[in-house]
């Protein structure tokens with residue numbers, strides 16, 4: 001058995017295991033009970049390892065790569081979708097440089113947590129983060 005992925009939480013590891021199982025690849029989890037008993041040990045043991053047979057390792061890694069790419073593309077489309085009118089063509093809002101400099105001087109490191117609007121809808125002019 002060879003590790004093809006790691007997860008920090010048992011739910012994430014189980015999701016990956018189910019995804020591989022749906023493609024016909026048998027897998028096992030290593031360290032899931034340790035992390036379930038004490039989540040603070042996740043980093044200490046290297047997370048929960050998803051193990052597959054050596055002959056299925058390449059196919060499993062390609063399946064997980066394709067899945068990760070699809071999830072990130074879906075998240076990008078969702079981020080640009082206007083929550084008010086559901087338009088999927090949100091435009092990125094750029095803030096002026098002077099506003100960022102002023103925020104750093106007045107707020108210091110807390111300026112990083114200031115909720116700047118990131119997108120603006122061309123239809124309804126709604127801004128969201």
*Taking Cα atoms, how many degrees apart are the long axis of helix 10-22 and the longest axis of the chain, rounded to 10 and kept between 0 and 90?*
70
*Please give the contour-minus-distance gain from residue 103 to residue 127: 0.36 nm per residue of separation, less the Cα-Cα distance, rounded to one decimal in nm.*
6.7 nm
_Prolate/oblate/rounded call for region 2-79, Cα gyration tensor, a/c under 1.5 rounded_ = oblate
_Potential lengthening between residue 87 and residue 28 on full extension [0.36 nm per residue; Cα-Cα distance subtracted]_ = 17.0 nm
*What angle do you read, to the nearest 10 degrees and between 0 and 90, between the alpha-carbon axis of helix 97-107 and the longest principal axis of the chain?*
80
*Gain in length, residue 45 to residue 75, computed as 0.36 nm per residue apart minus the alpha-carbon separation, to one decimal in nm?*
7.8 nm
*Counting DSSP beta bridges with both ends in region 2-79, the antiparallel % (nearest 5)*: 100
*asked:* Quick check on the exposure proxy: order 59, 129 from fewest to most C-beta atoms within 10 angstrom.
replied: 129, 59
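Read the figures in this text as sums done on the coordinates, not as results from a lab. Owing to the predicted nature of the structure, the values given are computational and were not obtained by experimental measurement. Cβ coordinates were reconstructed from backbone atoms using ideal geometry, including for glycine residues, and neighbour counts include every protein chain displayed.
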